[in-house]
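Reviewing the structure listed below.
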Amino acid sequence: MLTELRCSTSHARRLRPLLLIVWATAVVGCDRRDTAELGAESGAIRTDSSSSEAAPAADFKSVAAKVVRQSAAVREGDIVMVSGSDEDLPLLEEIAIEVRKLGGQPLVTVNTERFSRRAYDEVPAKYDGQAPELTLKLAEVLDVFITTEAGEGRTLKGVAPERIAARGKAFAPVGALMAKRNVRTVALGNGLYPSPERAEQFGISRDELAGLMYGGVDADYAELQASGERIRRSLAGGKEIRITGPGGTDLKVQIAGRPVVVSDGVISAEDRKQGGPAVTVWLPAGEVFFVPVPGTANGVVVADHMFYQGDRIEGLRLEVKNGKMVGMTAKSGLDPLKQYYDVAGSGKDLLGVVDIGINPGIKLPESSAVNVWSRAGVVTVVVGDNTWAGGNNRVAFSIPAEVANATLEVDGTAIVKDGKLVEGAVVAGH
């Protein structure tokens with residue numbers, strides 16, 4: 001079964017929700033919230049999954065134990081789908097073994113880049129809107145879904161945006177069903193998955209990128225919980241936030257009464273009881289996010305750099321009025337994103353989520369153009385799909401705009417200052 005992960009984010013926390021899509025005989029992962037990765041990413045299309053550089057190795061047994069026991073909280077009798085690329089097989093095997101150790105029942109699915117491309121080149125477009133009956137059956141029985149964010153956007157470079165949009169629309173009921181059933185979901189990558197493409201974008205080796213990802217996974221979860229809870233309380237008691245940045249961002253949003261979610265890498269018993277976004281985690285973890293009051297966002301959001309279809313967009317500028325994006329320009333590289341935006345469905349222009357990274361263990365190269373959601377001090381503003389964050393705007397499109405060196409104030413008190421978390425900041429009245 002070909003499994004596509006639509007993250008409400010191009011590459012994701014892609015599109016940043018995780019929507020399971022299965023329609024053939026393999027699986028493809030993607031970063032939840034980043035629509036960029038829904039389509040293609042730059043450069044020549046890889047027609048196979050091989051690379052001149054070997055896939056990075058790691059202590060997969062240790063990683064698997066953390067993912068299965070701590071993050072996913074697998075229990076005896078759970079039906080667990082485990083998916084990734086062919087290069088992920090050593091990790092997927094260890095995860096499946098950990099599931100069995102606990103009495104769970106794993107189903108392992110694997111994808112190749114070649115398959116992902118051929119599924120468009122050789123499969124008639126008339127099947128893009130076909131109802132995903134097999135996937136829906138799986139979604140009816142799954143208790144847990146564990147995936148790597150494998151899959152390169154550039155593999156689909158040149159595929160008509162209309163076709164990608166049609167498949168996203170066809171599989172929307174799958175995501176809705178998984179959300180309704182509170183399927184516990186763990187995605188490993190969160191912008192740091194060590195694919196050849198991602199390593200090229202960072203300008204480092206795959207081994208170095210793997211070190212960044214696995215180092216972030218080894219974060220102190222108790223510290224993340226404490227930091228996340230402090231920020232959650234500040235946001236939960238606030239009325240308005242203002243986000244500014246040296247690139248020109250100046251956005252005000254109402255937040256009074258809105259639920260605030262802390263993604264600390266662990267799906268606890270309390271999280272299972274709560275359901276919704278609390279039962280999905282992206283690793284490396286460490287985020288606090290919320291859906292603003294609809295119709296209240298006004299101002300400008302500027303992302304100095306971001307990737308779409310593998311190519312850099314420079315100086316992306318989004319104008320927002322009464323909660324809706326009314327203008328989108330860039331210094332360069334906008335056309336592919338604009339083409340996908342033009343064919344996306346209703347809700348594509350609504351400001352959906354504000355996300356704050358809190359993981360201090362993620363150290364990135366200077367001038368990185370890759371949005372890594374969970375890095376401490378990163379502020380990401382999302383336009384489009386927000387179901388992964390507890391919203392109701394389910395559209396197969398998302399723009400995750402990272403505001404470089406952002407300052408985020410809650411009722412005038414900064415909790416993020418110049419891209420760094422403000423230790424001990426307390427909003428007036430708390």
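The values are calculated or read from the model by the stated rules, or taken from the named source; none is laboratory data. Please read these numbers as outputs of a predicted model, since none were measured by experiment. Note: ideal-geometry Cβ built from the backbone for every residue, glycine included; neighbour counts use all protein chains shown.
Tabulated data
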| item | result |
| --- | --- |
| Tally of residues being in contact with a strand residue (DSSP E or B) (Cβ under 8 Å, 6 or more places away or on another chain) and farther than 19 Å from N359 by Cα across segment 247-275 | 13 |
| Strands (runs of 3 or more DSSP E) (entirely within segment 269-348) containing at least 1 residues that are basic (K, R) and either assigned by TED's automatic domain parsing to the domain that holds A401 or within 25 Å of R394 (Cβ to Cβ) (or both) | 311-321, 324-329 |
| Test for L91: is it touching a Phe, Trp or Tyr at 6+ places or on another chain (Cβ under 9 Å) and assigned by TED's automatic domain parsing to the domain that holds F60 | yes |
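This table checks each residue for (1) polar (S, T, N, Q); (2) under 14 Å from the mean Cα position of the chain (by Cα); (3) part of a loop (DSSP other than H, G, I, E, B); (4) under 24 Å from A236 (Cβ atoms).
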residue	(1), (2), (3), (4)
V353	no, yes, no, yes
I362	no, no, yes, no
N371	yes, yes, yes, no
G377	no, no, yes, yes
R394	no, no, yes, no
